Amino acid sequence: MDRFLKTSSLFLAILISVISQEAIAQIEVEFHEEKRHHISVFSGGTTIFHTDEAASTIGLDYEYRINRLLGVGFVVEQAFGSIDATTILTVADIHIWRGLALQIGPGIEILNEETEFGGEESATNFVARFGALYELEFEGGYTLSPQLHYDASKEDALVFGISLGLAF
């Protein structure tokens with residue numbers, strides 16, 4: 001009986017290993033068939049915490065999916081109105097569950113402010129983004145993504161909105 005259990009256990013371990021490898025290979029095949037590039041346009045708002053200023057924000061986002069978990073890319077956003085700022089980031093998108101992703105990355109923020117003599121002055125600051133988005137996928141590779149980000153810099157800001165995108 002002991003020999004039967006050992007042989008059965010060995011056979012079961014080999015069977016599980018083969019099935020697991022087959023499942024992993026299938027996941028990789030399915031991922032390789034997926035579209036790795038994604039581009040989207042962003043529309044939303046930006047609020048600066050310490051001043052309670054708010055502005056309309058538009059942007060462009062590109063991501064290259066390395067694998068199911070990780071994508072890398074860049075974000076360019078422009079805030080208009082009482083906040084006149086351009087934010088340029090390199091980001092990592094960590095796809096943690098279905099369409100839910102965390103976005104983190106460093107960048108720069110260029111603030112344009114009016115001087116007391118009517119001119120314009122620019123200041124460049126380091127910024128670190130921490131955010132989340134939920135990507136809804138539709139036929140043809142189209143996506144819709146509500147987003148919420150915290151930009152830590154000299155003037156910490158909350159960026160919120162929605163992106164329309166295309167995977168290709």
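The values are calculated or read from the model by the stated rules, or taken from the named source; none is laboratory data. This is a predicted model, so every value here is computed, not measured. Note that each Cβ is placed from the backbone with ideal geometry, even for glycine, and that neighbours are counted across all protein chains shown.
Screening Phe126 on (1) over 18 Å from Asp156 (Cβ atoms); (2) assigned to a strand (DSSP E or B) shows it passes everything except condition (1). The set of residues from the range 138-166 being touching a residue at least 60 places away in the same chain (Cβ under 8 Å), farther than 15 Å from Leu60 by Cβ and either in contact with a helix residue (DSSP H, G or I) (Cβ under 6 Å, 6 or more places away or on another chain) or hydrophobic (A, V, I, L, M, F, W, C) (or both) comprises Ala157, Leu158, Phe160. Against the numbered list (1) within 23 Å of Glu53 (Cβ to Cβ); (2) among the hydrophobic types (A, V, I, L, M, F, W, C); (3) modelled with pLDDT of 95 or more, Phe80 comes up short only at (3).
Of the candidates Ser145, Ser122, Ser82, the single residue that is buried (at least 18 other Cβ atoms within 10 Å of the Cβ), on the phi < 0 side of the Ramachandran plot and either over 13 Å from the mean Cα position of the chain (by Cα) or not basic (Lys, Arg) (or both) is Ser145. Scanning the range 83-94 for residues that are at pLDDT below 95 and either part of a strand (DSSP E or B) or of a type in the set (Asp, Glu) (or both) yields Asp84, Ala85.
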